[in-house]
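Participant: Have a look at the structure that comes next, please.
The values are calculated or read from the model by the stated rules, or taken from the named source; none is laboratory data. For clarity, every value in this text was computed on a predicted model and none was experimentally measured. Glycine also receives a Cβ, built like all others from the backbone with ideal geometry; neighbour counts cover every protein chain displayed. Side chains are part of the model used for accessible areas, which takes the heavy atoms of the whole protein and leaves out ligands, DNA and RNA. Shrake-Rupley method; radii C 1.70, N 1.55, O 1.52, S 1.80 Å.
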Amino acid sequence: MQFGYSETCLDHDTGPRHPETADRLRAIRRGLAKRHGVEYVDAPPAEKSTVAAVHDDSYVDEFHDFCSDGGGNWDPDTVAVEASWDAALTAAGLAEWAARAALDGDDGRDTPFSLGRPPGHHAVEDDAMGFCFFNNAAVAAQAVIDDGLAERVAIFDWDVHHGNGTQDIFYDRGDVFYTSIHEDGLYPGTGEVEETGEGDGEGSTLNVPLRAGAGDADYVYSFDEAIAPAVERFDPDLFIVSAGFDAHRHDPISRMRVSTEGYAMLTECVQDLCAATDAAIAFVLEGGYGLDTLSEGVATVHETFDGRIAMEPDEDPDEKNVELVDDVRAAHGLGAK
Ligand SMILES: [Zn+2]
């Protein structure tokens, strides 16, 4: 894969006791150093106007001034320093690079994956939250739509948390499909099956809030039976994966049980769907707080694009999750299984 990476993202210093640190990117780089076929690409920071296409101007200015004044706690979880402004613009710029590269034809072993931080999927139009300031995936999707490079974009969020920000930004839009598999009841508490979009966006938000303890089989089943048919119907030009790795069984902040191999399975699911819909693929880093599981997860996605074949889930999906997927199918007019 091609990895979008910039040293500027290391300067977003969240302090010694925060889970979202620059060590995450260092761990990913160490993990990739042992792999074949890894390429790094630096990208310019996003323009302020590109970020403001999905965020309110007044919020963007407020965050700029907050950083200029030295930063601090935006909220109890979400902290910034002076350098966070440049880091946030750079993370958004890397995501934008990934989307443009994918639409430019970079696929297979050249598939782009942006390794930016701060992460983005909790950032809403007018506020930072959950370690996120600019919604990197949303900025990328909007940028390629505004430039006429894509008419329809799907964003699949496999981070263990619901990407409330991405959902909100595109909730009434028919040209961006947002879909998430996340742990029910975890921060930020959104992402119910009934949240399906509104207005022109009715039907273009699809949530699968799995029960705590869900593993590889539940994730693959949710993707194959709910997400894939809905995305196929939507028929995107570009498919962005909001790739967090905090659903891993050894991640310190969730109770899900996805294995490292599970990320290979999900990557294959994405590849198969995008082959069927002829959609370009771009990855954008979100969360993931176990340094080893995060770096192994990213490396496993890379290896899957480098030709490694994923194993099959070694168990059946949980009955309750199968029922949940039935509910999701019903909410989206996909018919009974
Ligand atoms: Zn997360």
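Participant: In the neighborhood of Arg255, defined by Cβ-to-Cβ distances under 10 Å, what is the net charge if each Lys or Arg adds +1 and each Asp or Glu adds -1?
Facilitator: Values: positive: Arg211, Arg249, Arg257; negative: Glu183, Asp251.
Every neighbour counted, the sum reads +1.
Participant: State log₁₀ I(q)/I(0) for the range 211-337 at q = 0.21 Å⁻¹ as given by the Debye formula over alpha-carbon point scatterers of equal weight, solvent excluded.
Facilitator: For the range 211-337 at q = 0.21 Å⁻¹, log10 I(q)/I(0) is -1.34.
Participant: Shape of the range 1-99 from its Cα gyration tensor (a ≥ b ≥ c, root eigenvalues): rounded if a/c is under 1.5, otherwise prolate when a/b > b/c, or oblate? Working shown, then result.
Facilitator: On the way: a/c = 2.79, a/b = 1.39, b/c = 2.01.
Oblate, because a/c is 1.5 or more while a/b does not exceed b/c.
Participant: Return, for the Cα atoms of the chain, the radius of gyration and Dmax in Å, separated by a comma.
Facilitator: Rg and Dmax of the chain, Cα atoms, are 18.0, 56 Å.
Participant: Given springs between every Cα pair under 10 Å in a Gaussian network model of the chain, which of Val124, Val231, Val41 has the largest fluctuation?
Facilitator: Per the Cα network of the chain with a 10 Å cutoff, Val41 tops the list.
Participant: Anyone know which of His12, His64, His161 comes out most mobile in the 10 Å Cα GNM of the chain?
Facilitator: Maximum fluctuation in the GNM of the chain, among the listed residues, is at His64.
Participant: Given a 1.4 angstrom probe, I'd like the percentage of the accessible area of the chain that is carbon and sulfur, rounded to a whole number.
Facilitator: Values: 5430 of 12660 Å².
That share works out to 43 percent.
Participant: Among 248-259, 263-274, 95-106, 302-313, how do they line up from the highest to the lowest mean number of other beta-carbon atoms within 10 Å?
Facilitator: Working: 248-259: 19.5, 263-274: 21.5, 95-106: 23.4, 302-313: 16.0.
In descending order of packing, they fall as 95-106, 263-274, 248-259, 302-313.
Participant: Here's a follow-up. Which values, in whole Å and largest first, are the semi-axes of the equivalent ellipsoid of the range 168-224 obtained as the square root of 5 times each eigenvalue of the Cα gyration tensor?
Facilitator: Values: eigenvalues 101, 33, 11 Å².
The equivalent ellipsoid of the range 168-224 has semi-axes of 22, 13, 7 Å.
Participant: Please turn the phi angles of the range 131-148 into ³J(HN,Hα) values with the Karplus equation 6.51 cos²θ - 1.76 cosθ + 1.60 (θ = phi - 60°), one per residue in order, whole Hz, x for glycine and proline.
Facilitator: 6, 10, 10, 10, 7, 4, 5, 5, 4, 5, 4, 5, 4, 6, 5, 4, 8, x
Participant: Here's another thing I want to ask about it. Which one, Pro76, Pro229, Pro119, has the greatest fluctuation when you compute a Gaussian network model over the chain with C-alpha springs under 10 angstrom?
Facilitator: Pro76
Participant: Need the list of lysines near Lys320 for cross-linking: C-alpha distance under 29 angstrom, and skip anything on the same chain fewer than eight residues off.
Facilitator: Lys337
Participant: While we're looking at this one, here's another question. Leaving out ligands and nucleic acids, note down the accessible area per residue over the range 2-332 with a 1.4 angstrom probe, in whole Å². All intermediate terms of the calculation are to be shown ahead of the outcome.
Facilitator: Details: 12290 Å² over 331 residues.
Accessible surface, normalised per residue, equals 37 Å².
Participant: Further question: Can you bin the range 93-234 into rounded, prolate or oblate? Criterion: square roots of the alpha carbon gyration tensor eigenvalues sorted a ≥ b ≥ c, rounded for a/c under 1.5, prolate for a/b above b/c, oblate for the rest.
Facilitator: Working: a/c = 1.35, a/b = 1.27, b/c = 1.06.
Rounded is the answer for the range 93-234, as its axis ratio a/c remains below 1.5.
Participant: Local charge sum around Glu323 (other residues, Cβ-Cβ under 12 Å, Lys/Arg +1, Asp/Glu -1)?
Facilitator: -2
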